[in-house]
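Here the structure is laid out as C-alpha cells; the discussion comes afterwards.
The values are calculated or read from the model by the stated rules, or taken from the named source; none is laboratory data. Just so it is clear, the model here is predicted, and its values are computed rather than measured. Ideal geometry is used to build each Cβ from the backbone, glycine not excepted, and the neighbour counts take in all protein chains shown. For the accessible areas, the whole protein counts, side chains as well, though only heavy atoms, and no ligand, DNA or RNA atoms are used. Shrake-Rupley method; radii C 1.70, N 1.55, O 1.52, S 1.80 Å.
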Amino acid sequence: MKTDDTDIIDTVKVQENKSINPRSKLVEAVLVLLLARPLRTSEIAVNLGLETKYVSSYLSYWKRKGLVYQEAGRWHLSALGEDLAKEILESKNSTKFTEYLAIARDIFNEKVKPSINDKNKEKDDKERKEFLLFIEAKTSTAENKPQKTDLINCLDEILKKLDEEEKELLSYLLNKYKQWGSTYVYIDQLQEEFGADTAWLLRVLRKLQTKRILYLYHDPKLGLRIGFTQSFKDRISEC
C-alpha cells in the first residue's frame, strides 16, 4: 500500500509529465528563493503560503531531477538549479532578497483570478488609508501636547499580562514603531532583524494575535504582514 507521501509524489510526476516542462510556476518560485539563500522546507512554505508537506514532496522530486540538494536541514541549489534560477532572474532584473521574494510570489500567483487580486488590493488600500489617517491624527495631536510618558511604560499594564516571549517580541515591535512610526512589518523583515527562528516566531505571533494585540495578514505579493490591531493602536494613541 502506498503512503500519503508516495501518493503526493506520484501526483507531482503526473503533473510534470503532462506539462513536459520543468519550468512550472512553483519550481521557478522556489528556485528564485533558494538563489537568495538556503532555506528550510518550512521557511519556503511560509513565504509562498503553502503547506510544508506539499512543498516537501516537490523538493524531493526536484532533488531526484538534480535541481536541489539538502544539507544540514536546508535546501540548496545544485549547479543546474542555480543556472536555471539565474536565467529566471535575468529576465526579471532583480538583485535583492526582498525583490527575489516578491518576484517568486508574483510568478506563482500569476494564475490567480483577477477578482481575487482586486479584493486583496482593495483590502490593502483600505488598511493603508486607515494607517495614514492614524498617523495624521497622531501628528496633529502631537503639535498640541507632548507625549506624557515613554510608550513602553505607558503600556506596562498590558505587558505585565504577557509571558516573557510575548513581551520580548511586542517590546521589539513597539520600539520599531517609536523609531519609524510604522504599525506593521513583514515576516521576512522580522526574521532578519529580530534573528528569530521561524517556528518560534509564528508561535509567539499567534499568541499575540489571540490576545487581539497583533493581526496577521497574508499579502499575495509581499508575504505575511504583522501589525497592531485597531484596538491596540487606539490604546497607543492614548499614551
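Restricting attention to the range 12-23, does a residue exist that is open to solvent by 50 Å² or more (accessible area, probe 1.4 Å) and at pLDDT 85 or above?
Pass one, the range 12-23, residues open to solvent by 50 Å² or more (accessible area, probe 1.4 Å): 13-15, 17-23.
Next cut, at pLDDT 85 or above only: none.
Looking through the range 12-23, none of the residues is open to solvent by 50 Å² or more (accessible area, probe 1.4 Å) and at pLDDT 85 or above.
Rundown of residues vs (1) open to solvent by less than 30 Å² (accessible area, probe 1.4 Å); (2) among the basic types (K, R); (3) under 21 Å from R225 (Cα atoms); (4) free of Cβ contacts under 8 Å to residues at least 60 places away in the same chain, yes/no style:
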site: L48; (1), (2), (3), (4): yes, no, yes, no
site: E51; (1), (2), (3), (4): no, no, yes, yes
site: K63; (1), (2), (3), (4): no, yes, no, yes
site: Y69; (1), (2), (3), (4): no, no, no, yes
site: W75; (1), (2), (3), (4): yes, no, no, yes
site: I88; (1), (2), (3), (4): yes, no, no, no
Residue count for the range 176-227, restricted to those that are open to solvent by less than 10 Å² (accessible area, probe 1.4 Å) and either among the charged types (D, E, K, R) or assigned to a strand (DSSP E or B) (or both): 5
